[in-house]
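Read through the structure below, which is laid out as structure tokens, and then see the notes.
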Amino acid sequence: GARLSMTCGLAWLLCSLAVAVSVAHTLSAVSQVDTPVRQLPTRTTSHARVVVVNDMPGHFEVLAGVLHVLRLLDVRPEVLYMGVPGIIHAWGLLDWLGQQSTVSHATREAVFEHVGKLNVVDVGADGFNTAAAHWVPLESSNQTDSLHLHANLVICVSPELAPAVCKGVVKAVNPSLAVLWVHRADVATPSKFPLDIRHHLVALAPHVAKLSASRMHTNVTWTLPLAPYHPNPGQECNLRSCLSGFTLQGSVHTFKTRKVTGFTRDYAKLWTQMVELKAARRAKGRAAKEADPDVRVLVLGKGTREQLLIPAEISGDVEHQSHLRYQDFWGRIHRSLALVPAFGMATYYQSRVSSTIGASLTTCTPLIAEQRLLDTYTFLGPEHVFLRLPGESEAAAMYRVASLPEEEVLSRRHALLELREELTRSAEAKFSGWLEEAELPIKPATAS
């Protein structure tokens with residue numbers, strides 16, 4: 001408990017997929033954000049070294065992981081992100097990353113052609129200031145035509161989902177190397193990456209890398225950069241006594257293919273299991289509400305409670321929260337006994353990474369997992385999850401986990417912390433190689 005509190009609690013904060021905040025809420029929240037415009041001082045170097053592009057107005061968990069690793073290597077990136085100006089404030093991204101005081105926005109005039117080269121913020125050498133990012137919003141891929149940035153390395157996050165953005169930035173910046181972070185292998189095709197410069201394709205997990213390589217007819221590696229969650233003062237939870245309930249995270253929305261239509265999370269299946277188990281336990285003379293206080297479910301995600309179609313029998317056992325900022329979002333997961341994947345799409349085992357996997361590592365909260373999940377996300381082992389027994393449903397596993405002793409619960413959190421540190425070291429090595437290939441000096445990290 002002490003080591004987890006010291007390391008997981010004090011670590012800097014970051015980590016397929018899609019924290020749930022609706023566009024309508026974002027626009028409303030952004031309108032209330034006071035982002036003063038001011039002239040930015042010119043940095044002493046004449047060119048930016050690294051440009052990071054978030055190709056979609058979302059997926060900030062992956063972007064956060066990339067920035068965290070660059071910070072560990074003492075690299076100051078320029079961050080171009082799709083979305084309305086101020087979206088990173090509305091979602092609380094900077095609070096999570098711990099850099100609210102060092103990030104400024106330039107006006108559009110400061111980054112596009114009629115003013116010329118981008119001016120950036122240069123800050124001190126303490127804490128996160130050694131790698132302060134400068135954030136520039138892109139509301140349209142057409143804006144990349146007038147960018148005046150120069151860098152040795154461009155990193156594109158989820159370029160297959162918005163290829164025009166990445167291609168436009170690469171064309172404008174003209175780097176010596178590009179790294180393309182594939183999020184969804186099922187839509188990655190060679191025609192989306194017609195770059196005539198050196199580039200590497202990278203995925204977030206082994207199964208995504210394997211399918212991407214097959215579809216792209218080239219080598220695709222994988223690495224999972226993560227930005228750890230750091231609880232706000234007074235919200236640390238490293239004892240069994242402060243953990244309760246189970247969390248499902250992800251947007252509450254449907255998907256549709258030629259053969260199947262459904263939710264990305266299989267809520268109906270979980271609700272049915274919970275209703276049946278509750279009835280069975282009551283039939284045995286055990287009032288579930290009193291005997292199992294921890295067997296409650298929190299759904300975190302964009303959408304409404306009505307969309308969840310919660311049966312009346314378990315209505316009081318299910319809570320829904322939407323539009324939470326990152327620190328609150330991660331905090332609710334951190335104080336849960338476990339995350340419940342409840343995958344409603346086979347693609348999470350085939351072609352993409354579930355954001356629930358990143359949430360587990362970001363917050364050191366174990367998953368309730370079936371063996372198929374471990375077979376797919378091979379960096380996870382039984383020590384990192386609550387592995388379901390043969391024939392055991394997710395709801396039945398929740399009841400079993402709720403009764404486990406503190407040692408078994410906390411041991412998995414320790415194991416997740418160690419795995420996150422291992423993945424971070426691996427990501428540092430990968431990033432260091434790219435920086436060297438792009439002929440950039442790097443500073444070895446001394447802490448993660």
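The values are calculated or read from the model by the stated rules, or taken from the named source; none is laboratory data. Just so it is clear, the model here is predicted, and its values are computed rather than measured. Here the Cβ positions follow ideal geometry from the backbone for every residue, glycine too, while neighbour counts run over all protein chains shown. The accessibility values were calculated without ligands, DNA or RNA, using every heavy atom of the protein model including side chains. Shrake-Rupley method; radii C 1.70, N 1.55, O 1.52, S 1.80 Å.
Could you tell me whether Leu380 is part of a loop (DSSP other than H, G, I, E, B), of a type in the set (A, V, I, L, M, F, W, C) and surrounded by fewer than 16 Cβ atoms within 10 Å (Cβ to Cβ)?
On the way: part of a loop (DSSP other than H, G, I, E, B): yes; of a type in the set (A, V, I, L, M, F, W, C): yes; surrounded by fewer than 16 Cβ atoms within 10 Å (Cβ to Cβ): no.
It is false that Leu380 is part of a loop (DSSP other than H, G, I, E, B), of a type in the set (A, V, I, L, M, F, W, C) and surrounded by fewer than 16 Cβ atoms within 10 Å (Cβ to Cβ).
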How many residues are part of a helix (DSSP H, G or I), open to solvent by 20 Å² or more (accessible area, probe 1.4 Å), in contact with a Lys or Arg (Cβ under 9 Å, 6 or more places away or on another chain) and not small (Gly, Ala, Ser) if we restrict to segment 134-186? 6
Do the conditions hold for Glu236, that is, is it more than 23 Å from the chain's Cα centre (by Cα), open to solvent by 10 Å² or more (accessible area, probe 1.4 Å) and at pLDDT below 90? no
Of those in segment 271-304 that are within 24 Å of the chain's Cα centre (by Cα) and modelled with pLDDT of 90 or more, the residue nearest to Glu394 (Cα to Cα) is Val297
Checked segment 352-371 for anything within 25 Å of Trp181 (Cβ to Cβ), of a type outside the set (Lys, Arg) and in contact with a Lys or Arg (Cβ under 6 Å, 6 or more places away or on another chain); matches are Leu361, Cys364
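Report, by residue number, each residue of segment 213-233 that is of a type in the set (S, T, N, Q) and open to solvent by less than 10 Å² (accessible area, probe 1.4 Å).
Step one: of segment 213-233, the residues of a type in the set (S, T, N, Q) are 214, 218-219, 221, 223, 232.
Correct list: Thr223 only.
If I filter segment 187-208 down to residues being of a type in the set (A, V, I, L, M, F, W, C) and assigned to a loop (DSSP other than H, G, I, E, B), which single residue comes out as surrounded by the fewest Cβ atoms within 10 Å (Cβ to Cβ)?
Step one: filter segment 187-208 for residues of a type in the set (A, V, I, L, M, F, W, C), giving 187-188, 193, 195, 197, 201-205, 208.
Adding the requirement that they be assigned to a loop (DSSP other than H, G, I, E, B) leaves 188, 193, 195, 197, 204-205.
Details: Ala188: 27, Phe193: 21, Leu195: 17, Ile197: 12, Leu204: 25, Ala205: 23.
Among those residues, the one meeting the criterion is Ile197.
Here is a yes/no grid of residues against (1) among the aromatic types (Phe, Trp, Tyr); (2) surrounded by 18 or more Cβ atoms within 10 Å (Cβ to Cβ); (3) in contact with a strand residue (DSSP E or B) (Cβ under 7 Å, 6 or more places away or on another chain):
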{"residue": "Val340", "(1), (2), (3)": "no, yes, yes"}
{"residue": "Glu370", "(1), (2), (3)": "no, yes, no"}
{"residue": "Arg388", "(1), (2), (3)": "no, yes, yes"}
{"residue": "Tyr399", "(1), (2), (3)": "yes, yes, no"}
